[in-house]
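Remarks on the structure that follows.
The values are calculated or read from the model by the stated rules, or taken from the named source; none is laboratory data. Worth saying up front: this structure is predicted, and the values here are computed from it rather than measured. Every residue, glycine as well, gets a Cβ built from its backbone with ideal geometry; the counts of neighbours run over all protein chains shown. All accessible areas refer to the heavy atoms of the entire protein, side chains included, with ligands and DNA or RNA removed. Shrake-Rupley method; radii C 1.70, N 1.55, O 1.52, S 1.80 Å.
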Amino acid sequence: MGLVGESGSGKSATSLALMGLLPATASTEGAVRLGGANLLALDEAAMRRQRGSEIAMIFQEPMTALNPVMPIGRQIAEAVEAHHPKLKRSEVKERVLRVLHDVALPDPERRYNDYPHQFSGGQRQRIVIAMALVNRPKLVIADEPTTALDVTVQAQVLTLLRRLRAEYGLAMIFISHDLAVVGQVADRIAVMQRGHIVEMGEAAQVLRAPQHAYTQQLLAALPTMTTDRTRPLASVAPPAVS
Ligand SMILES: Nc1ncnc2c1ncn2[C@@H]1O[C@H](COP(=O)(O)OP(=O)(O)O)[C@@H](O)[C@H]1O
Ligand SMILES: [Mg+2]
């Protein structure tokens, strides 16, 4: 599922709500159903067990998602230990190395004890993805996972996420302000504007025949091979203040 909408439309707030991570001052209503259970009805301890094992999140900025003063192998190991306290250290390490292989981080055995700053931006995002996947969640929420990366690395990470989705049998909510990026990964697309989902449907359908004026504007703002480069691109009109 791709969730798209311009910056400030409430995409991250939505994903935090799904994870039960909104600040205590926020009020929520409705239900969040995962495998039949309503997550909003769980107490904090039960929600903590879900988080990381059933639902995991990949954040936009890998440098802030990682602890700069802890070796990357240990950070992922802690994510395993939090949900599997009885595993032997050697078994934990085995799981960490396997997931680092799965995200195609080069030479994980040798780099297990390296720190985040010793990796490139793309490698750091692979490490963050490994941490999200290590406990084999059913659902991964990826909030702008490629926005901080340059275009070539972005394409590699998108390819990786598509492969992992198949290999790990994941459901994924892929969030981006960029409709072109969402169109490359999503089967279904939901379009968000000012805190509301204004359109939702099969990706091909939404991209080919958008029903909502806002989606049409988002599409018109995308450059294509045939865009006349001598004229300015269409921009999305700022939302009317209500
Ligand atoms: N349903 C909501 N109720 C109140 N404030 C919201 C709601 N959704 C988003 N916001 C606020 O609007 C701002 C932008 O939302 P955010 O989720 O960060 O947007 P996006 O991720 O689409 O850029 C944030 O300050 C957020 O707290
Ligand atoms: Mg956001």
Discussion item. Given the criteria touching a Gly at 6+ places or on another chain (Cβ under 9 Å) and more than 16 Å from Phe59 (Cα to Cα), does Ala166 qualify?
Written reply: no
Practice prompt. Name every residue in region 30-42 that is modelled with pLDDT of 90 or more and either surrounded by fewer than 12 Cβ atoms within 10 Å (Cβ to Cβ) or within 16 Å of ligand 2 (Cβ to nearest atom) (or both), in order of residue number.
Written response: Gly30, Ala31, Arg33, Asn38
Worksheet item: When region 43-60 is examined, which residues are found to be within 16 Å of ligand 2 (Cβ to nearest atom) and of a type in the set (Val, Ile, Thr)?
Response: Ile58
Practice prompt. Give the residue, chosen from Pro106, Pro85, that is open to solvent by 30 Å² or more (accessible area, probe 1.4 Å) and without any contact (Cβ under 8 Å) to a residue 12 or more places away in the chain.
Written response: Pro85
Practice prompt. Report the residue count in region 48-67 for those that are open to solvent by less than 70 Å² (accessible area, probe 1.4 Å) and either in contact with an Asp or Glu (Cβ under 8 Å, 6 or more places away or on another chain) or modelled with pLDDT of 90 or more (or both).
Written response: 7
Worksheet item: Considering region 172-190 alone, what residues qualify as being within 15 Å of ligand 2 (Cβ to nearest atom) and surrounded by fewer than 20 Cβ atoms within 10 Å (Cβ to Cβ)?
Response: His177, Asp178
